[in-house]
C-alpha cells in the first residue's frame, strides 16, 4: 500500500496500480522508505502520482508516516504567499527530524533562495520537470551526498510516465503545462513555463486506461484549460468531443480557464458541454471588477466581456455552477475599484467565490508596483465586506448535505 499526503490529509493508493511488467527493481532501493507530502493544485496532485509511479517502478517503498521514512519528499506550491509560508514552516519542522529532505514542485523555481535559507542542509531541490531523475538522486543521497539541485529538466510528458492513482474512482489527467498569459502578479509562469499541450491521442489513451482501472470521474487539469491545443492545432472542445465519444459511463470535470481564452472557444465549448458526461461546472477567475485593475494585472479581457461570457454560458447551460476568484488589495486598488468588484459579484452572483489577499510574489511585475496596501488593511476590507451580509435573511438552495453540515447557494 502506497500513501501520499495532500493538504495534511492521508490518501491511500494501491501498489497494484503499477503494472508488474513496468517494475524495474534494484536491490539498492530495498531498504529505502519514502514519505511524500503534497501542496497545491490538481496538477501538483497529478505530479505526485507521477512521483509515486516512478518510485514504485524502481521498487521503492512509500510509507504513510514521516517517522518511518528514510527520505522525505515535499512537493511544493508557490502560487500564493500564504501557501509558501506554510510550506517553509513545515520544512523547518521536518528539518528537526534530521532526515534527508527533497524539495520538489513549483516553489524551487519561484523562490529558490528562500528554500535554501529555510533548509540550508537540503538533500536535493527539484523543479517540476526533473522527476525522472528521482531514483538516481535518491541513490546519491543514500550514499551520503546532499545539496543536489536539478531545476531545468526536459519538459515531461506526464501522460507517458508511470503513475500511481491516489483516489479509487477519480483520475487526474494533465492536458497541458504552462500557459499563454503573463499576469503581472503570477509567479507560476516561472515554474511551469509557456504552453505545452499534450497530444489528444495520449490524453485519450490515458483516460481509457483510467476508466478500465475503475475510474468513474476524470479531472482534466492545466494552468489554463482554455488554451489547450493552441500550440498543436487543436482545441479543448475538440478534445472533449473525443472523450465523450468513449463508450464508458463516467463524468468529466474541466479545470480552470482564463476568460481571455475562453471567449475564443465559448460557442464550441457550450455545445460539447451539453453532453451528460461533462459536469456543468466552470472555474473562471475574474480577479477584479475594475477594468483599470485588470489592465494593471495584464488580464486580456474587460469586465463587460466577462459578464457577456457568463450570460451566454448560463443561458445555454441553465444548470451551470460558476466558480470565480478575486484578488483584493492589488497595488493601486482604490475604494472605488473595490466597490466595482463588489458590484460585479452582486450582479453575476457566482456560485463559488474564492477571495485572496494580494501578496507579492518574487520577480513579478506587481512586485515593483507602487500603491501596495499593508496586509492588515486588506484583511480589514474583506472582513468589513463580509460583515455587511451578517444578520441578513436570504433564500438558500441546498446543493449538498451530509451528516455534519449542509451546503447551499444564495438564490
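Yes/no per residue for (1) at pLDDT 95 or above; (2) more than 23 Å from residue 365 (Cβ to Cβ); (3) touching a strand residue (DSSP E or B) at 6+ places or on another chain (Cβ under 7 Å):
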{"residue": "273", "(1), (2), (3)": "yes, yes, no"}
{"residue": "278", "(1), (2), (3)": "yes, yes, yes"}
{"residue": "293", "(1), (2), (3)": "yes, no, no"}
{"residue": "300", "(1), (2), (3)": "yes, no, no"}
{"residue": "308", "(1), (2), (3)": "yes, yes, no"}
{"residue": "312", "(1), (2), (3)": "yes, yes, no"}
{"residue": "317", "(1), (2), (3)": "yes, yes, no"}
{"residue": "340", "(1), (2), (3)": "yes, no, no"}
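Among the residues of the stretch 157-189, those identified as closer than 15 Å to residue 130 by Cβ and either buried (at least 19 other Cβ atoms within 10 Å of the Cβ) or without any contact (Cβ under 8 Å) to a residue 12 or more places away in the chain (or both) are 158, 177. When the stretch 113-134 is filtered for residues that are over 24 Å from residue 194 (Cβ atoms), surrounded by fewer than 20 Cβ atoms within 10 Å (Cβ to Cβ) and touching a residue at least 12 places away in the same chain (Cβ under 8 Å), the ones remaining, listed by number, are 114, 118, 119, 121. For the stretch 193-221, taking the residues that are part of a helix (DSSP H, G or I) and in contact with a helix residue (DSSP H, G or I) (Cβ under 8 Å, 6 or more places away or on another chain), the one that is surrounded by the fewest Cβ atoms within 10 Å (Cβ to Cβ) is identified as 205. Highlighted here are the strands (runs of 3 or more DSSP E) found entirely within the stretch 85-174 that include at least 3 residues which are at pLDDT 95 or above and under 17 Å from the mean Cα position of the chain (by Cα): 170-174.
With the condition kept exactly as written, say whether any residue in the stretch 70-81 is part of a helix (DSSP H, G or I) and within 24 Å of the chain's Cα centre (by Cα). Yes: one or more hits.
The values are calculated or read from the model by the stated rules, or taken from the named source; none is laboratory data. None of the values given here were measured: they were computed from a predicted structure. Don't worry about glycine lacking a Cβ; one is built from the backbone with ideal geometry, like all the others, and counts go over all protein chains shown.
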